[in-house]
1. For the range 373-507, what value does the Rg/Rh ratio take when both radii are computed over Cα atoms and Rh is the Kirkwood radius, given to two decimals?
2. For Glu268, what charge total do you get from the other residues with a beta carbon under 15 Å from its beta carbon, if Lys and Arg give +1 and Asp and Glu give -1?
3. Output the DSSP H helices from the chain with an along-axis C-alpha extent of no less than 27 Å and a mean Kyte-Doolittle hydropathy no less than 1.0.
4. Within the set of other residues whose C-beta is less than 14 Å from the C-beta of Gly447, count the net charge using Lys and Arg as +1 and Asp and Glu as -1.
5. Give or take rounding to whole Å, what are the principal axis extents of the alpha carbon atoms in the range 182-282, in descending order?
6. Enter the Cα centre distance for the pair the range 25-102 and the range 375-390, rounded to the nearest angstrom.
7. Of all the stretches in the chain, which is the longest one without any exposed loop site, taking chymotrypsin sites (Phe, Trp or Tyr not before Pro) in a DSSP loop (any state but H, G, I, E, B) with at most 10 other Cβ atoms within 10 Å?
8. Distance between Cα centroids, the range 447-473 to the range 596-645: provide it in whole Å.
Amino acid sequence: MATTTGVNSDLAKERNNSTFDVEELSNFIYRGPEKVKRRRYLHNLATKDPFFRKFKPWAFQTREEQYEICLQKHLYINKKCKELNLTEPVDKFFYTEAAAPHENSPIGLHTVMFIPTIEKQGTEEQKKRWLPLAESLKMIGTYAQTEMGHGTFIRGLETTATYDPRTREFILNSPTITSMKYWPGNLGKTTNHCLVMAQLYTQGKNCGIHMFMVQIRDLETHMPLAGIEVGDIGPKFGYGTNDNGFLRLSNVRIPRENMLMRYSKVLEDGTYVKPPNAKIAYGSMVLVRAAIVTDAARALAQACVISIRYSAVRRQTEVSPGGEEAQIIDYQTQQYRLFPLLATSYAMYFAGRFMYDFYLKTTAEIEGGNLDSMPQLHAISAGLKAFSSWMCSAGVETCRLCCGGHGYSHASGLPKIYIDVVPGCTYEGENNVMMLQVARFLMKMYGKLQNGEALPTFMQYMSTDLNKKSCMTEEVALNCLVMAYEHRAARMIRDAAASMEKLVQSGKSPVEAWNGSTVMLTWAAIAHCHAFVTKLFVETVVKSRMDSKVQSALTSLCKLYAVHGIVENLGGFIQDQFFDSKQVKILQKKLMQLLAEIRPNAVAFVDAFDYPDEVLQSCLGRYDGQVYQALYDYAKSSPMNEKEVLDSYYKYIKPAQNGKYQQYSKL
Ligand SMILES: CCCCC/C=C\C/C=C\C/C=C\C/C=C\C/C=C\CCCCC(=O)SCCNC(=O)CCNC(=O)[C@H](O)C(C)(C)COP(=O)(O)OP(=O)(O)OC[C@H]1O[C@@H](n2cnc3c(N)ncnc32)[C@H](O)[C@@H]1OP(=O)(O)O
Ligand SMILES: Cc1cc2nc3c(=O)[nH]c(=O)nc-3n(C[C@H](O)[C@H](O)[C@H](O)COP(=O)(O)OP(=O)(O)OC[C@H]3O[C@@H](n4cnc5c(N)ncnc54)[C@H](O)[C@@H]3O)c2cc1C
């Protein structure tokens, strides 16, 4: 029975029953007690700061208020980060996630893409010129690449930058309606500069797409400059705090020095100097793709915290007539929907940790002049970005559904998380398109395998003997699970390659063969990413040092991740009789056992993510489990309840009750 003060008794019982120390698991997730302490310190700085609490809740704000309030919060965050000397991206990330949770920043693109693009693609002189202005917000910029007509196919962008050697300027133009920049974050009303991706023309030749710094608004009045038409694109599915914008450029002249020239150059006479690799200009997209993995994991983790705590508190339906109503977390169907998502949130966190390290290592190599790992970085970041955003967005929605009616209310905090995470499936490369980039890499690797060439370590599984059957026994060993995922991926890669080969043999061109095989190629890419994430999870629990009780609990969760993925995608695992029917039954039975095994630790697993209530902003996910009082308080705080009788009653309902409808004929 729930009490109205203190911690809900069901939730308290859950915490008493767990088999491991939550603090130990938090230490493992966040890489040590010092880092946990630091994260808590940063969260506390934000959640205890009265500045962030003076605004009305996000769900009660109009679009204009969402923008204005979020802008104030992020400008304040910017100021505080400077005062507190928070320079590490991870520190800023933790401080911000607590200060403005899931409120997409009106200066976010400035921080996440504009400044990093100058840093990575600018010359020393350009960095010296622009970075101090950008750091002090005198220049506020965005990354303006996508156009109304093209987002995916960036070689098809229509914006032009034509070099005029007489004046040593570029002339920028949006020659058609489809060429206008459309979607860039913060572009509509906030920014005064843009990094514009445009087709470079010099000496009469098209040299492909390049980045140009373009001032769009006056630095004093903030009015658009001559030749610039700019504005907000209007309300969207979410992202109300963000002024995604449109931009038309008409004969806008910028100095030659405004082309980002660290790698490609246009000399004064108009001579074009090529970069060492044309795709080096895509580096800022790779950075954000890498960051999206952690961002998506965080969204799913928070949704699991909310949904699992609520499932422990919520009681529904007497199990036997007249008996006590069960905690909904005890229904096997609820466990089947939630626990694999809990496992997925851990899998994605570890994938995000890996991605962060790999990104830093590989970009350091690239900056040192060694570009060898660029294709791997592209394939891994594109694949993990797509896989994580798909799995986590769908997972957040399932968490919402698992909360029944209350999940549909903004009081749950879940809709806010969902609308923040789901565009990650689209921006920074639409997920299907990203998976096809992965497939392109896989086909190259397959070609190497056929030629007997060496493969990078993470691709060596492709040489597995596809006639081999699974080693799965009742024990359901982790290595047999990994082998199953790698077997499926290797077979799907081979099948996709065979499909293309067959089409070529039937007289199709390589391009036609590719287009005729994209579904199979996508299956292969997804299977590859699934294998990659599973193996990473297994290696993390097997090879890392951690408390033995935590390790045992985490091993069950990891097993659940792997077994559930097989049972849910069974067709792909049994197509070549890799598993026999006896082994399938073993896996199904194991799945049910694992749900029961994880049940006593479910709340502890979500507590270990260590998100304060102020970050979750959820009546259902509160640490103390006092959900009903919170829902009641939330309802009472609705602006709709400020007056007992609304003006609309007198204006519309009362006249209608009296049969008077004249007011409508006035319209
Ligand atoms: C890791 C850091 C973690 C830190 C965590 C802490 C702090 C983080 C702080 C903050 C971030 C927090 C969260 C982030 C979350 C949210 C972000 C907020 C807002 C989001 C803003 C969104 C902004 C945008 O959307 S910008 C626009 C993005 N647009 C796209 O992505 C377009 C997609 N299209 C493409 O990328 C390309 O067109 C393409 C599909 C790849 C095709 O390119 P194209 O040139 O046409 O290719 P082509 O066919 O000629 O050649 C293919 C060839 O090129 C290789 N290739 C392609 N791309 C790359 C690359 N990037 N690198 C290397 N190589 C590349 C490809 O492999 C092919 O090679 P090959 O021919 O087969 O050899
Ligand atoms: C919230 C949000 C913020 C954004 N912020 C920015 C920003 O700051 N800066 C910026 O420049 N852009 C931004 N964008 C734009 C974003 O990057 C693009 O929308 C994205 O890259 C997808 O491109 P698209 O819209 O052209 O989709 P399309 O390519 O038109 O996709 C439509 C469909 O076609 C399919 N498709 C397209 N091409 C292929 C192909 N080759 N093979 C198979 N299928 C294909 C896709 O899979 C998809 O199903 C933002 C978008 C959103 C939603």
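The values are calculated or read from the model by the stated rules, or taken from the named source; none is laboratory data. A quick note: this is a predicted structure, and the numbers were derived from the prediction, not measured. Ideal geometry is used to build each Cβ from the backbone, glycine not excepted, and the neighbour counts take in all protein chains shown. We work out accessible area using only protein heavy atoms, side chains counted, and drop any ligands, DNA or RNA first. Shrake-Rupley method; radii C 1.70, N 1.55, O 1.52, S 1.80 Å.
1. Value, to two decimals: 1.09.
2. Counting the neighbours of Glu268, the net charge comes to -1.
3. What comes out of the filter, once short or polar helices are dropped, is 283-313, 518-543.
4. Neighbour charge sum, excluding Gly447 itself: +2.
5. So the extents along the principal axes, rounded to whole Å, are 42, 29, 21.
6. Computed from Cα coordinates, the inter-centre distance equals 27 Å.
7. That would be 238-660.
8. Measuring centre to centre over Cα atoms gives 48 Å.
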